[in-house]
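Participant: I am attaching a structure below and will ask some questions about it afterwards.
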Amino acid sequence: MWGAGALLGTLVLLVAAGGFAASVPESVGTVQDFRSAEPCTERTARTDCLRSETATVRSTERTGGRNPTYEVRLDGPPDVPREMEMGSDEPLFERLRPGDEVTVTLWRDYATALDRDGVRQHSTDSPESDPEWQAGLAAVCLVFGGYLLYLGVVLLARAREVATYGSPRGIWFFGMCVLWAALAAIPAGVAGAFASSGRGHEGRGWLVLVVVWIVLLPAVYSGVRWRESRGRHAARAERLYGPRAI
């Protein structure tokens with residue numbers, strides 16, 4: 001039962017990985033369009049240019065502890081969202097008060113920035129990081145799918161042995177490898193974000209993410225193997241000499 005469930009999970013995750021990977025080129029194109037967008041004029045279509053709408057601040061709210069969110073609630077035309085999330089409290093968020101009039105910059109379905117009295121702050125609502133997010137999610141789904149494939153094969157092919165002697169050591173070992181491999185996508189994503197900054201570099205970020213992530217995988221494997229070896233040595237020493245006195 002568990003083996004069949006793991007194989008089903010493998011199929012779901014591999015399909016998800018393929019979907020995320022297939023969406024990367026489209027996202028790269030979207031970022032290129034966004035970075036090349038100009039302010040709207042009477043002659044340009046109002047879908048791919050930067051539109052400006054006036055709105056009124058209804059309220060602002062900072063929530064969370066170490067990783068707070070900064071929300072601005074707005075009243076304005078239908079195109080203006082009721083809420084915008086800003087990345088920090090500077091340079092504009094901390095100055096905003098209920099009733100303030102602001103200018104909202106819109107592009108397609110994104111509300112990308114707020115302006116007031118010559119001060120601009122970008123929101124978190126933009127397509128900038130989408131290619132890196134999708135490439136990172138594809139990598140994470142791929143490694144988890146591979147692990148579930150291994151788990152399903154082991155549980156089905158060695159069901160009697162597993163029932164008698166318990167789970168093989170490899171299940172825990174490769175599970176830890178997969179967990180740390182997924183976490184390795186975070187620094188790889190940071191490297192990808194830096195690589196994709198700047199107009200004309202939209203297609204580099206996800207490639208850098210994949211390369212950095214692959215480079216980190218041997219380090220992940222070695223680290224998990226070293227930790228496991230250290231744990232076995234400590235357990236053997238405890239059996240031979242007893243627990244250490246504190």
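The values are calculated or read from the model by the stated rules, or taken from the named source; none is laboratory data. Since we're looking at a predicted model, the values are computed, not measured. Backbone-built Cβ (ideal geometry, glycine too); neighbour counts: all protein chains shown. Heavy atoms of the whole protein, side chains included, go into the accessibility calculation; ligands, DNA and RNA do not. Shrake-Rupley method; radii C 1.70, N 1.55, O 1.52, S 1.80 Å.
Participant: Based on the mean of other Cβ atoms within 10 Å per residue, sort peptides 97-109, 56-68, 124-136, 21-33 so the most packed one is first.
Facilitator: So the peptides 97-109, 56-68, 124-136, 21-33, ranked by packing, come out 124-136, 21-33, 97-109, 56-68.
Participant: Considering only protein heavy atoms and a 1.4 Å probe, what is the carbon-and-sulfur percentage of the accessible area of the range 88-208?
Facilitator: In the range 88-208, the share of accessible area belonging to carbon and sulfur is 61 percent.
Participant: On alpha carbon coordinates alone, what is the Rg over Rh value for the chain, Rh being the Kirkwood radius?
Facilitator: With Rg and the Kirkwood Rh in hand, the quotient comes to 1.14.
Participant: Another question about this same structure. If you bin the C-alpha pair distances of the range 107-223 every 5 Å from 0, what whole percents do you get?
Facilitator: Percent of pairs per bin, in order: 2, 11, 15, 14, 13, 11, 9, 7, 6, 4, 3, 2, 1, 1, 0.
Participant: I've got another one for you. Over the chain, with the other protein chains present, what is the accessible area per residue in square angstrom, probe 1.4 angstrom?
Facilitator: 62 Å²
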